[in-house]
Amino acid sequence: MMLYAVIDTNVLISALLRWDSVPGAVVEQALVGSIIPVISNEIMAEYEEVLRRKKFPFQESDIQILTNAICRRGVFVEPAEVLEKLADPKDVVFYAVTMEARKDNDAYLVTGNTKHFPIKPYVVTPREMLTILENGAKHNDNVG
């Protein structure tokens, strides 16, 4: 079972800070597993800019490996128009891309800051995303 997910930058940061974490498991699934990253040029630009901020201890090579892999596996989507008002204008593109992806697929927005987004069943934490993946895999095993 493949799931589409827009991954908020804070999940990438958490994953790079500690790979053996729940966010790390989500990002790993996005790189080699059951999650297809949903991205836009604006999202990729935010990833590139934020991950290179001086306050983070990330190696340039790790940033490039991560962003290149997301680009290779990802599906590019033009953001939909968003009517809801979000607290942080920088979050709008993540929500807009999720809304556009949901027109054709079961897509999720994975974020460590769910309070920044409208309360919707497809705006999930990294832990919730892993649970959705596990339940979907179990569900598929029972088919046939």
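The values are calculated or read from the model by the stated rules, or taken from the named source; none is laboratory data. Note that the structure is a prediction, hence the values are computed from the model and not measured. Positions of Cβ are backbone-derived with ideal geometry, glycine not excepted, and every protein chain shown enters the neighbour counts. With ligands, DNA and RNA removed, areas are computed over all heavy atoms of the protein, side chains included. Shrake-Rupley method; radii C 1.70, N 1.55, O 1.52, S 1.80 Å.
Exposure check, 1.4 Å probe, all protein chains in place: Glu78 carries approximately 140 Å² of accessible surface.
Across the range 72-83, rounded Karplus estimates of 3J(HN,Hα) from the backbone phi angles (6.51 cos²θ - 1.76 cosθ + 1.60, θ = phi - 60°) give 5, 7, x, 10, 7, 9, 7, x, 6, 6, 10, 8 Hz, Gly and Pro being marked x.
Rounded to whole numbers, the Karplus 3J(HN,Hα) couplings from phi for the range 43-50 are 5, 4, 5, 5, 3, 4, 5, 5 Hz, using 6.51 cos²θ - 1.76 cosθ + 1.60 with θ = phi - 60°, and x at Gly and Pro. Counting only DSSP H runs of at least 4 residues, each contributing -39500 (n - 2.57), and dividing by the residue count of the chain, the helix-based mean residue ellipticity at 222 nm comes to -15000 deg cm²/dmol.
A simple rule links phi to the HN-Hα coupling: the Karplus curve 6.51 cos²θ - 1.76 cosθ + 1.60 with θ = phi - 60°, which for the range 111-118 gives 8, x, 10, 4, 5, 7, 10, x Hz, with x for Gly and Pro. Taking a Cβ cut-off of under 15 Å around Val110, the surrounding Lys, Arg, Asp and Glu residues balance to a net charge of -2, with basic ones at +1 and acidic ones at -1.
Debye calculation, C-alpha points only, no solvent: report log10 I(q)/I(0) for the chain at q = 0.08, 0.18, 0.21 Å⁻¹, in the same order as the q values. Summing over Cα pairs of the chain leads to -0.20, -1.03, -1.39. Here the chain is assigned +1 on the Cβ of each Lys and Arg and -1 on the Cβ of each Asp and Glu. Its dipole about the Cα centre then comes out at about 300 debye. Heavy-atom accessible surface of Glu46, to the nearest 10 Å², is about 40 Å², with a 1.4 Å probe and all protein chains retained. Straightening the chain between Met44 and Val75 buys 10.0 nm, computed as 0.36 nm per residue apart minus the Cα-Cα spacing. Taking the centroid of alpha carbons for each part, the range 102-135 and the range 22-75 are 17 Å apart.
Rolling a 1.4 Å probe over the protein heavy atoms of the range 1-45, with every protein chain left in place, gives an accessible area that is 54 percent carbon and sulfur. Other residues lying with their Cβ under 9 Å from the Cβ of Pro79 contribute a combined charge of -4, Lys and Arg counting +1, Asp and Glu -1. Rolling a 1.4 angstrom probe over the protein heavy atoms with all chains in place gives the chain an accessible area of 55 Å² per residue. Each Lys and Arg contributes +1 and each Asp and Glu -1, all at the Cβ; summed about the Cα centre of the range 72-113, the dipole is approximately 200 debye. Dividing the mean sequence gap of close Cα pairs (under 8 Å, 6+ apart) by how many residues the chain holds gives a relative contact order of 31 percent. Relative to the Cα centre, the charge distribution of the range 41-114, modelled as +1 at Lys and Arg Cβ and -1 at Asp and Glu Cβ, gives a dipole magnitude of about 300 debye. Summing charges over neighbours of Ala96, with a neighbour being any other residue whose Cβ is under 14 Å away from its Cβ, gives -4 when K and R count +1 and D and E count -1.
Summarising the amide proton neighbourhood of Val38: residues at separation of 5 or more, or on other chains, whose placed amide H is nearer than 5 Å comprise Ala5, Val6, Ile7, Val75.
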